[in-house]
Amino acid sequence: MAAAEATSEIRKQALLVFDSEEEVSVSLAKYTAELSEKFVREKGAFTAVLSGGTLIETLRKLTEPPYLESVDWAKWHIFWVDERVVPKDHKDSNYKLAFDGFLSKVAIPSNQVYAINDTLSAEGAAEDYETVLKHLVNAGLLPLSSVTGYPVFDLMLLGMGPDGHIASLFPGHPLLNEREKWVTFIKDSPKPPPERITFTLPVIKSSAYVAMVVTGAGEVHAVSKALGSEKRSSDLLPVEMASLEDGEFTWFTDKAAVSMLKDKASM
Ligand SMILES: O=C(O)[C@H](O)[C@@H](O)[C@H](O)[C@H](O)COP(=O)(O)O
């Protein structure tokens, strides 16, 4: 992708900056609940994709009143943008993280929570997850994008690492070039544990909505590279490669996360 193209694509994104992580949590809950209401009204279901990391903690306001009662949890379908290849009760499992901090507190039917098959190898689990997605396309739950041909999820709730990685797509890694598969695997993740499965970039780019949730000072360099107005280098961070084909991408940040960003007005 040419640098100029990346600059114009990135400008389609919205940047929200809140005073604190607490305010991000409040706003993210409202945003997610409103999208749930919209999609349930329009098509009777809501497909939400989770990452691991601090995102789950920031989702906590969704599990409190008024959302605990007002959200139509029975219509939710939960997916993971990436998962570590470990048993579901392992401390490194993104499923366990989401279950303990979010899913155990809301009434989403368990057959609508699509965890990976933790009895399989990384290759097997990625293939199995893609097969599950294909069944859901055939069942009419997941539409295919008329623009890209990949499945369209209603909302991806994503975090970003200090190196600008999203999902398990790391800077400079060949997985960033995957165009055939919807779900793939990595066995040499620079962030432990090494074995993971992950949605591919084209699937992330086909989302209807992405909330990129970044709080605290840990990711300031990646935030300022992704959102700053300096001339973009050709080696884009994974987060910079994830601009949407036909959807709405919103950054939910706090002041600490954008503290190195000089001209926030350029967004
Ligand atoms: O499995 C994982 O490692 C996570 O899904 C990962 O992709 C996470 O979203 C980012 O690393 C951000 O993590 P933090 O929010 O903890 O910085």
For the chain, what value does the Rg/Rh ratio take when both radii are computed over Cα atoms and Rh is the Kirkwood radius, given to two decimals?
0.93
Using the structure shown, list the pairs from Lys134/Lys181; Lys61/Lys105; Lys75/Lys105; Lys225/Lys255; Lys30/Lys225; Lys75/Lys181 with a Cα-Cα distance above 19 Å, or answer none.
Lys30/Lys225; Lys75/Lys181
Which one of Val213, His90, Ser259 is farthest out on the positive end of the charge dipole of the chain, using unit charges on Cβ (Lys, Arg +1; Asp, Glu -1) and the Cα centre as origin?
Ser259
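Using a simple charge model, +1 on the beta-carbon of Lys and Arg, -1 on the beta-carbon of Asp and Glu, nothing else, what dipole does segment 43-98 show about its Cα centre, in debye to the nearest 20? Could the numbers behind the result be given before it?
Numbers: 8 positive and 8 negative charges, 14 e Å.
Using Cβ point charges on Lys, Arg, Asp and Glu, segment 43-98 gives about 60 debye.
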Select from Gly124, Leu155, Thr63 the residue farthest towards the positive end of the dipole of the chain; place +1 on Cβ of Lys and Arg, -1 on Cβ of Asp and Glu, and compute about the Cα centre.
Leu155
Ordering of 67-76, 198-207 by burial proxy (mean other Cβ atoms within 10 Å per residue, highest first)
198-207, 67-76
Suppose every Lys and Arg Cβ carries +1 and every Asp and Glu Cβ carries -1, with no other charges. What dipole size does the chain come out with about its Cα centre, to the nearest 20 debye?
220 debye
In terms of the charge dipole of the chain, which places +1 on Lys and Arg and -1 on Asp and Glu at the beta carbon, the residue among Ala74, Asn138, Gly247 farthest towards the positive end is Gly247
Leaving ligands and nucleic acids out of the surface, order His77, His90, His221 by accessible area at 1.4 Å, largest first.
His221, His90, His77
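Using a Förster distance of 45 Å, how high is the FRET efficiency between Glu180 and Lys91, based on the Cβ-Cβ distance and rounded to 0.05? Intermediate results must be reported in sequence, preceding the final value.
Working: r = 33 Å, r/R0 = 0.73.
With R0 = 45 Å, the Cβ-Cβ based efficiency is 0.85.
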Volume of the Cα convex hull of segment 53-127, divided per residue and given in Å³
88 Å³
Assuming R0 = 30 Å, what is the FRET efficiency of Glu248 and Lys43, from their Cβ-Cβ distance, to the nearest 0.05?
0.95
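When the helix-only estimate is applied to the chain (DSSP H runs of n ≥ 4, each -39,500 (n - 2.57), divided by the residue count), what is the mean residue ellipticity at 222 nm, nearest 500 deg cm²/dmol? Can you show the working numbers first?
Values: 8 runs with 77 residues, N = 267.
Calculated mean residue ellipticity at 222 nm is -8500 deg cm²/dmol.
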Return the carbon/sulfur percentage of the accessible area of the chain, one whole number, probe 1.4 Å, all protein chains in place.
54 percent
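The values are calculated or read from the model by the stated rules, or taken from the named source; none is laboratory data. Since the structure is predicted, the reported quantities are computational estimates derived from the model, not experimental observations. Cβ atoms come from the backbone with ideal geometry, glycine included; neighbour counts cover every protein chain shown. Keep in mind that these areas ignore ligands, DNA and RNA; they rest on the heavy atoms of the full protein, side chains included. Shrake-Rupley method; radii C 1.70, N 1.55, O 1.52, S 1.80 Å.
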